[in-house]
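Have a look at the structure below, then the notes.
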Amino acid sequence: MSAILLEKGLVHYEAFGRGKPVVFLHGWLGSWRYWVPTMEELADRYRTYALDFWGFGDSEKPGKGYRIEEYAQQVADFATGMGIAQASFVGHSLGGVVALYIAVTQAAPVDKLVLVATPLQGSALSGSLKVLHSPIGRLGGARALLELWMRSLKRVSASWAEMYEEIVEDTAKVDHQAVFQSLSSILELDLSAELKRLYAHTLVVFGSKDEFVDSRQARLFADGRVPTAQVVVLEGCHHFPFLEEPGKFNRLLKEFLGSSLGQAVAVKEQWKRRYHQTEYL
């Protein structure tokens, strides 16, 4: 296990490979471990890092400091501490919000940005997540969310199933305050107006059947609204497209990381969801 000591405490991380740095940021109830298959796939070309946010996995659990801006500062401090001058950031759900916040506030130098199942607005969160914001929801909401999260994870690919028990162990380590506070932070947030400040080359990925974040958030990037962004919605995928369809996701990620601004990622037509369809209007 690797760790770095920052001002607020120890941050657990793991790193694979050599090359340009790519930093992976996990989602709610997650940890660095979710990104292992993707990190291993990229390790021949990139130096990949994945860290645990405060309150998650094996990182420090201070009981506070779990808001989006504080996680963005944690990541920026991590990059500085590791000597990373500039990196590409890949974030999933909570991690995607943190990565986007970093990019639009320029909290750390961003090369490329990949946002997976990322809500820009609190209204895009599912009812199962919103209920945790209420006092009543907090009483039994954490357990209910955990059960829903685990059921969702059971749909992942066979190659990931062998690590399921380790995922469960990491999830059990979470400080529930980290879940509550980060969710509250996002429910109060609306980053859609900040997209005009998004200058990094960006890839936005959603699963068409995401049960935690409304996949229609992708349309905020589509149709040229964000000139630096490309959007892909993977048909039939839920909240974890990088685990449910690792072959497709990893190929897409590799092509994107190797592309230049203005160069479209070459994905198969069946991977995409066209945004002129009625249900997205």
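Stretched out straight at 0.36 nm per residue, the stretch from LYS173 to GLU69 would grow longer than its current Cα-Cα span by 35.2 nm. Pairs exceeding a 25 Å alpha-carbon distance, out of LYS209/LYS248; LYS196/LYS248; LYS173/LYS248: LYS196/LYS248; LYS173/LYS248.
For the chain, a simple Cβ point-charge model (Lys and Arg +1, Asp and Glu -1, everything else neutral) yields a dipole of about 640 debye relative to the Cα centre. Evaluating 6.51 cos²θ - 1.76 cosθ + 1.60 at θ = phi - 60° for every residue in the stretch 11-23, the Karplus couplings come out as 10, 7, 8, 9, 9, 10, x, 9, x, 4, x, 10, 10 Hz, glycine and proline recorded as x. A cut-off of 5 Å between modelled amide H atoms, ignoring neighbours fewer than 5 places along the same chain, links VAL231 with VAL204.
Per-residue Karplus couplings for the stretch 205-210, computed as 6.51 cos²θ - 1.76 cosθ + 1.60 with θ equal to phi - 60°, are listed in order as 10, 10, x, 5, 10, 4 Hz, Gly and Pro entered as x.
Put simply, the amide H of VAL90, placed in the peptide plane, has neighbours under 5 Å in VAL23, PHE24, LEU25, VAL114, leaving out anything fewer than 5 places away on its chain.
Toward the positive end of the charge dipole of the chain, with +1 on the Cβ of Lys and Arg and -1 on the Cβ of Asp and Glu, the farthest Cα among GLN217, MET82, GLN177 is that of GLN217. For the chain, the longest piece that avoids every one of the trypsin sites (Lys or Arg not before Pro) found in DSSP loops with at most 10 other C-beta atoms within 10 Å covers 1-153. Computing log10 I(q)/I(0) by the Debye sum over Cα atoms at q = 0.09, 0.15 Å⁻¹ directly from the structure and comparing it against (1) -0.47, -1.31; (2) -0.47, -1.17; (3) -0.37, -1.14 singles out (3). Taking 7 Å steps out from each Cα toward its Cβ at MET163 and SER184 produces label points 3.2 nm apart. Computed extension length for ARG225-ASP44: 61.7 nm, one decimal, from 0.36 nm per residue of separation with the Cα-Cα distance subtracted.
Here, each number is a calculation from the coordinates, and none is a lab measurement. These figures come from a predicted structure and were not determined experimentally. Methodologically, a virtual Cβ is constructed for each residue, glycine included, from the backbone with ideal geometry; neighbour enumeration extends over all protein chains shown.
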